[in-house]
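Let me begin by presenting the structure, written as structure tokens, before commenting on it.
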Amino acid sequence: MRRQDIITRDLSQKKAELLASRERLRRYVVDLERIAEVAAHDLQEPLRRVVAYAQLLSSHAQNALDAESRDYVAHVVSGAQRMRKLVQDLEAFVAVDHLPPAERLVEANVPVQVATNSLAEEIRRCGATLVVDALPAVAADEVSLVEIFTQLVDNAIRYRSAERKPLIHVAARREDGFAVFSVRDNGQGIDERQLPRVFEVFHRLPGLDGRTGTGTGIGLALVRRMVERLGGRVWVESQAGQGSTFSFALPLTVPAVLEQPLDQEARAA
């Protein structure tokens, strides 16, 4: 009996320590998210000013500066724009938890169209061919779907092959109550050693020129966070030199606690 009492006291103490540790961890996570949110928000305005005035300087000083000085200004503009994009992506990453829950079915072809329209200039500039199949309706919010498809199509453009015209194929299939979407490209592919880290935040792959750092390192981590928030999962299959297929699965039905009557188009899907 005494031994049982000792064991019970030890277990109670361990449980109390575990609860205290969990509460400290929760507070740390909340604090870190708040710091990231405030930092991203407060950096937006000064960065906007840096970009704007650097561009004005570049425009107004073309005739007053020599070639070397103009090159310096161009680096300032490029660096400021890159920093601003990083802050914007960071703000989007920390804002995921504030997005609305999946309360209805969303026709996936609409967010794909919005995403590709926003990337139209990049698609035209690199001569890419984009093929989009008929896609099903899924339990999601349109903001998340637009961001997911934007990041994946932009990724396919960014890591295209120098040896062939880019081809990007967006498709989907139904599987065990989920819609499995795929964004397949014929780009430069991903080295097998890099695959486990592809969706890590701030992990960047070599770009078209072979140098690391062409993106912010947040895009694919943002995709993973958004997909998982919607009750799905994301993965990638790739072969270096041949291309990549990024896939993600989302529920075909709204969770029972959130289920609402479907409109006529959703029923037809």
Completion exercise
Diffing segment 94-111: the Karplus 3J(HN,Hα) column from phi (6.51, -1.76, 1.60, θ = phi - 60°), in whole Hz with x for Gly and Pro, holds 7, 8, 4, 5, 9, 6, x, x, 6, 9, 7, 8, 10, 5, 5, 5, 5, x
Fill in the blank from the handout: Dividing the mean separation of Cα pairs under 8 Å (6+ apart) by the residue count of segment 50-151 yields a relative contact order in percent of 29 percent
Completion exercise
The residues I6, I148, sorted from fewest to most surrounding Cβ atoms within 10 Å, come out as I6, I148
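Taking the Kirkwood radius as the inverse of the mean 1/r across Cα pairs, report the Rg/Rh of segment 105-256.
0.95
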Problem - DSSP-defined beta bridges in segment 105-256 - what % are antiparallel, rounded to 5 - result: 85 percent
Practice task
Give a residue-ordered list of calculated ³J(HN,Hα) values for segment 235-247 (Karplus: 6.51 cos²θ - 1.76 cosθ + 1.60, θ = phi - 60°; whole Hz; x for Gly, Pro).
Solution key: 7, 9, 10, 7, 9, 4, x, 10, x, 9, 10, 9, 10
Fill in the blank from the handout: Classified through the alpha carbon gyration tensor (a ≥ b ≥ c as square roots of its eigenvalues; rounded if a/c is under 1.5, else prolate when a/b is larger than b/c, else oblate), segment 39-178 comes out oblate
Handout entry: Candidate aspartates and glutamates - alpha carbon under 13 Å from K165, same-chain residues fewer than 8 apart omitted
Key = D185
Fill in the blank from the handout: Share (percent) of C-alpha pair distances in the chain greater than 30 Å works out to 44 percent
Exercise for the section: Note down the magnitude of the dipole of segment 54-106 about its Cα centre, charges +1 on Lys and Arg C-beta and -1 on Asp and Glu C-beta and zero elsewhere, to the nearest 20 debye. Expected result: 100 debye
Handout entry: Helix 2-60 vs. the chain, principal-axis angle (Cα, 0 to 90°, nearest 10)
Key = 20 degrees
Practice task
Would you mind calculating the gained length between R125 and A16 on full extension (0.36 nm times residue separation, minus the Cα-Cα distance), in nm to one decimal?
Solution key: 33.2 nm
Exercise for the section: Treating only the Cβ atoms of Lys and Arg (+1) and Asp and Glu (-1) as charged, compute the dipole magnitude of the chain about its Cα centre; round to the nearest 20 debye. Expected result: 760 debye
Practice task
Give a residue-ordered list of calculated ³J(HN,Hα) values for segment 130-144 (Karplus: 6.51 cos²θ - 1.76 cosθ + 1.60, θ = phi - 60°; whole Hz; x for Gly, Pro).
Solution key: 10, 10, 10, 6, 5, 10, x, 7, 9, 6, 6, 10, 5, 4, 5
Practice task
Among DSSP beta bridges lying fully in the chain, give the percent that are antiparallel, nearest 5.
Solution key: 85 percent
Practice task
Calculate the spin-label point distance for N63 paired with R27, positioning each point 7 Å from the Cα along the beta-carbon direction, and give it in nanometres.
Solution key: 6.4 nm
Handout entry: Residue with peak Gaussian network fluctuation, the chain [Cα springs, cutoff 10 Å], from L99, L57, L220
Key = L57
Handout entry: Within a Gaussian network of the chain (alpha carbon springs, distance under 10 Å), most fluctuating of D154, D42, D185
Key = D42
Practice task
For S182 and V76, calculate 0.36 nm times their separation in residues minus their Cα-Cα distance, and state this gained length in nm to one decimal.
Solution key: 34.4 nm
Handout entry: FRET efficiency for A162 and H203, using Cβ-Cβ distance with R0 set to 22 Å, rounded to 0.05
Key = 0.45
Practice task
Take every Cα pair under 8 Å in the chain that's 6+ residues apart, average their separations, divide by the length, and report that relative contact order as a whole percent.
Solution key: 18 percent
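Here, each number is a calculation from the coordinates, and none is a lab measurement. Just so it is clear, the model here is predicted, and its values are computed rather than measured. So basically every Cβ, Gly included, is an ideal-geometry build from the backbone, and we count neighbours across all protein chains shown.
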